[in-house]
1. What residue, among those in the stretch 288-307 that are in a loop (DSSP other than H, G, I, E, B) and touching a Lys or Arg at 6+ places or on another chain (Cβ under 8 Å), is modelled with the lowest pLDDT?
2. Looking only at the stretch 483-490, decide whether some residue is touching a strand residue (DSSP E or B) at 6+ places or on another chain (Cβ under 8 Å), over 23 Å from Ser101 (Cβ atoms), modelled with pLDDT of 85 or more and open to solvent by less than 20 Å² (accessible area, probe 1.4 Å).
3. What number of residues within the stretch 308-337 are assigned to a helix (DSSP H, G or I), over 23 Å from Trp414 (Cα atoms) and open to solvent by less than 30 Å² (accessible area, probe 1.4 Å)?
4. May I ask you to list the residues in the stretch 118-147 that are of a type in the set (Gly, Ala, Ser) and within 14 Å of the chain's Cα centre (by Cα)?
5. Suppose we keep only residues that are in contact with a Cys (Cβ under 9 Å, 6 or more places away or on another chain) and among the β-branched types (Val, Ile, Thr) within the stretch 243-287. Which one would you say is farthest from Phe154 (Cα to Cα)?
6. Return the only residue of Leu493, Leu455 being modelled with pLDDT under 80 and either in a helix (DSSP H, G or I) or surrounded by 19 or more Cβ atoms within 10 Å (Cβ to Cβ) (or both).
7. Do you know which residues across the stretch 354-367 are modelled with pLDDT under 90 and either touching a Phe, Trp or Tyr at 6+ places or on another chain (Cβ under 6 Å) or assigned to a loop (DSSP other than H, G, I, E, B) (or both)?
8. Only one of (1) farther than 29 Å from Ala123 by Cα; (2) under 18 Å from the mean Cα position of the chain (by Cα) fails for Val279. Which number is that?
Amino acid sequence: MPVTSQLLKAIRRREIRKLCSSAIQCRNQHHCCQSRQPLLNCWYKDTHTVTSSPRSQWCQSHSYRTSSERSYNLTPAQVNSILKANEYSFKVPEFDGKNVSSVMGFDSNQLPANAPIEDRRSAATCLQTRGMLMGVFDGHAGCACAQALSERLFYYIAVSLLPHETLLEIENAVESGRAVHPILQWHKHPNDYFSKEASRLYFNSLRTYWQELLDLYSPGEMPDIKEALVNAFKRLDNDISLEAQVGDPNAFLNYWVLRVAFSGATACVAHVDGNDLHVANTGDGRAVLGVQEEDGSFTALTLSNDHNAQNEDEIQRIRSEHPKSEAKTVVKQDRLLGLLMPFRAFGDVKFKWSIDLQKRVLESGPDQLHENEHTKFIPPNYHTPPYLTAMPEVIHHRLRPQDRFLVLGTDGLWETLHRQEVVRIVGEYLTGVHHQQPITVGGYKVTLGQMQGLLMERRARVSSTFEDQNAATHLIRHAVGNNEFGTVDHERLSKMLSLPEELARMYRDDITIIIVQFNSHVIGAHHQSADEDAS
């Protein structure tokens, strides 16, 4: 065996030993948490709280096999099948052979760690206003809230953006029983389903919202995009809460609305209209712009702020909303009330309702809720609710020709790759130009001949790097399979994808990605037109 290959294998073996030992150590830490706080075990997933997931409890009665006992031998075809199972691509249609939109299209994908996956995604074109909407939603304590957001939030945004006259036309059509022109064209993977059972409930809540908008705004008044995004987020969260309080005569729906309200989800949504890009973020999802520099390289411009303990402004905001006597308990162990990692989220009524309201709703709720420990649990030091909000932070960016793409990702991506690495990987994929990074060998002593061998092997790997037809799939491949050289190692990727379910969730989170590619020619034309108007 060549010395170079021996060196590579030694580095790979060291990586894999670290990976598996950290996963087993994480498992042991989870069991310790369970023995300390048994009441919290069925609450939020471990990336969002200090406690473990329900699946970890289930795993206690099942035996584990360490990595040395388990065979990891996925073929490249099997790896590709797993990575591409949820990929989706959309290209904006051309008119007269030209793309007149600032968006060329987007690629999206998901890789589960939870079973079932708790992330969701959505993308749609606004049909009665201009622009496109894309969003990623990260659920916790189950997938119910994220599922509801993926179906409902864009309708609330679209309605918020409609002028008074259009809203009135829609209301009159519904009132008279006439067909209503659609306001959204969805771009969905077959796995991104809609819950038909709740569609009537969802429609009635949405109609009540647009009726209130009709009373609020005057004819000829055009909604502000930022205001519309904020109103849509807040109103949907309010409707989720209200629906759970009112309940439903249908037993399934009654249980469903409670599941949605007692689970939670973060949301990171982008609205693109011409050169105007608005990002509305609630929680720890992230939006990062890929900017191409004059030398062809890419730099990252973050268009959202994480709402968690890493954001000092968020800590100060929460503390300012509660008495000084709660200063030490409102944020504890970098979590809201010592439990929840995101400081903003939809649902999560456990952190919003009064104790009396929680007890009243649960007492009249279905038996399934009483069988679940988390519904009876009140967070510690719960004195002055609400502690949590779905209020989004909205950032506006005027697109420039050098702004080539936008990456929307749930925290599972950003925990794995730095934002600069993300835009480098995506930028090189989209342009086909690979900017090599200096090779590191992790402390191994190598000769010049061995280094030449490493460089030759890296060049061989680069030649087959762009095998994916979807940019989001390509990024997930790197997020899961990157080695110390910053390139995909099939052996590592195979091992990561074949980890048993109970270990996979301990090592990484669900990953959901949408990559929006911009049309620099259209954006440049908009800029030139704006400059001419200004002069």
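1. Ser297
2. Yes - at least one qualifying residue is present in the stretch 483-490.
3. Total satisfying the criteria: 2.
4. Correct list: Ser122, Ala123, Gly135, Gly139, Ala146.
5. Applying the filter and picking the extreme gives Val260.
6. Leu455
7. Of everything in the stretch 354-367, those that are modelled with pLDDT under 90 and either touching a Phe, Trp or Tyr at 6+ places or on another chain (Cβ under 6 Å) or assigned to a loop (DSSP other than H, G, I, E, B) (or both) turn out to be Ser364, Gly365, Pro366.
8. Among (1) farther than 29 Å from Ala123 by Cα; (2) under 18 Å from the mean Cα position of the chain (by Cα), the lone unmet condition for Val279 is (1).
The values are calculated or read from the model by the stated rules, or taken from the named source; none is laboratory data. Fair warning: this is a prediction, and the values are worked out from it, not measured in the lab. Neighbour counts are summed over all protein chains in view; Cβ atoms, including those assigned to glycine, are modelled from backbone coordinates with ideal geometry. In case anyone asks, the SASA skips ligands and DNA or RNA and just uses the protein heavy atoms, side chains included. Shrake-Rupley method; radii C 1.70, N 1.55, O 1.52, S 1.80 Å.
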